[in-house]
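K.L.:
Can you keep this structure in mind? I'll have questions shortly.
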Amino acid sequence: VQLQASGGGLVQAGGSLRLSCVPSLSISRINVMAWYRQAPGKQRELVAAIPHSSERANYDDSVKGRFTMSKDNAKNTVYLQMNSLTPEDTAVYYCSADRLGVAYWGQGTQVTVSS
């Protein structure tokens, strides 16, 4: 499974960005779609994930109420809407797909939030 992520950029604190991820396989055939992020000097962390059987995402506590993950089956795309961004959200964001126990990763997209 190949994953093409886009939408990162530079934004001021309090601003918004929307990330997109298009997998090479139908979303309906992927067990879990997720967004991770990795800040400089830190480990990669799970931001949000949507299981195949659900339309609702689970979120890390640090982004609850600010980020919304969604999927559009018709466009075969998952999104991460990020609002009220803070400098602590600065990281490379990765789209991930879990299928049959195997994890696949996109190339990452940089999100930089200036104070």
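The values are calculated or read from the model by the stated rules, or taken from the named source; none is laboratory data. Here the structure is a predicted model, which is why all the values come from computation and not from measurement. Glycine also receives a Cβ, built like all others from the backbone with ideal geometry; neighbour counts cover every protein chain displayed. Heads up: the accessible areas ignore ligands, DNA and RNA and are worked out on the full protein's heavy atoms, side chains in. Shrake-Rupley method; radii C 1.70, N 1.55, O 1.52, S 1.80 Å.
K.L.:
If I model a spin label as a point 7 Å beyond the Cα along the Cα-Cβ vector, how far apart are those points for SER6 and ARG29 in nm?
P.N.:
Placing both labels 7 Å along Cα→Cβ, they lie 2.3 nm apart.
K.L.:
Multiplying the sequence separation of ARG56 and LYS42 by 0.36 nm and subtracting their Cα-Cα distance, what value in nm do you get? Could you put the intermediate results ahead of the total?
P.N.:
On the way: separation 14, 0.36 × 14 = 5.04 nm, distance 2.74 nm.
So the chain would gain 2.3 nm between ARG56 and LYS42.
K.L.:
Taking amide H atoms as placed 1.01 Å from N in the peptide plane, list the residues 5 or more away in sequence, or in a different chain, whose amide H sits under 5 Å from that of GLY108.
P.N.:
For GLY108, whose amide H was placed from the backbone, the distant partners under 5 Å are ALA5, CYS95.
K.L.:
So which trypsin sites (Lys or Arg not before Pro) in the range 49-115 are both in a DSSP loop and have at most 14 other Cβ atoms within 10 Å of their Cβ?
P.N.:
Counting only loop positions with at most 14 other Cβ atoms within 10 Å, the trypsin sites (Lys or Arg not before Pro) in the range 49-115 are ARG56, LYS64, LYS75.
K.L.:
Among THR112, THR77, THR68, what's the order by accessible area (1.4 angstrom probe), most exposed first?
P.N.:
The ranking, largest first, comes out as THR68, THR112, THR77.
K.L.:
Here is a further query. In terms of modelled amide H atoms, which long-range or inter-chain residues lie less than 5 Å from the amide H of THR77?
P.N.:
The answer is ASP72.
K.L.:
Related question: Could you derive backbone 3J(HN,Hα) for the range 43-51 from the dihedral phi with the Karplus parameters 6.51, -1.76 and 1.60 (θ = phi - 60°), listing whole Hz in sequence and x where the residue is Gly or Pro?
P.N.:
With the stated coefficients, the range 43-51 comes to 6, 5, 10, 6, 9, 7, 8, 10, x Hz.
K.L.:
Taking a ≥ b ≥ c as the square roots of the eigenvalues of the Cα gyration tensor of the chain, is the shape rounded (a/c under 1.5), prolate (a/b larger than b/c) or oblate?
P.N.:
Prolate shape, in that a/c is at least 1.5 and a/b is the bigger ratio.
K.L.:
Per the 1.4 Å probe, what fraction of the accessible area of the chain, in percent, lies on carbon and sulfur atoms?
P.N.:
Result for the chain: 47 percent of the exposed heavy-atom area is carbon or sulfur.
K.L.:
Excluding same-chain residues fewer than 8 positions from LYS42, which aspartates and glutamates have a Cα within less than 18 Å of its Cα?
P.N.:
ASP60, ASP61, GLU88, ASP89
K.L.:
For the range 102-108, just list the computed ³J(HN,Hα) in residue order, Karplus coefficients 6.51, -1.76 and 1.60, θ = phi - 60°, integers in Hz, with x standing in for Gly and Pro.
P.N.:
Taking θ as phi minus 60°, the curve returns 10, 9, 10, 10, x, 7, x Hz for the range 102-108.
K.L.:
Using the heavy atoms of the protein chains alone and a 1.4 angstrom probe, what is the accessible area of the chain per residue in square angstrom?
P.N.:
53 Å²
K.L.:
Search the structure for amide H atoms under 5 Å from the amide H of THR90, placed 1.01 Å from N in the peptide plane, and list their residues when 5 or more places away or on another chain.
P.N.:
VAL113
K.L.:
Could you list the square roots of 5 times each eigenvalue of the Cα gyration tensor of the range 68-108, that is, the equivalent ellipsoid semi-axes, sorted largest first and rounded to whole Å?
P.N.:
Working: eigenvalues 97, 49, 12 Å².
Ellipsoid semi-axes (Å, largest first): 22, 16, 8.
K.L.:
Taking Cα pairs under 8 Å and at least six residues apart, what relative contact order does the chain come out at, in percent?
P.N.:
So the answer I get is 37 percent.
K.L.:
Describe numerically, in nm with one decimal, the distance between label points set 7 Å from Cα along Cα→Cβ at SER70 and at VAL102.
P.N.:
Result for the modelled spin labels: 3.2 nm.
K.L.:
Per residue of the range 12-26, in order, report the coupling 6.51 cos²θ - 1.76 cosθ + 1.60 (Karplus, θ = phi - 60°) as ³J(HN,Hα) in whole Hz, putting x for Gly and Pro.
P.N.:
Running phi through 6.51 cos²θ - 1.76 cosθ + 1.60 with θ = phi - 60° gives 7, 3, x, x, 9, 9, 10, 9, 10, 9, 10, x, 7, 10, 4 Hz.
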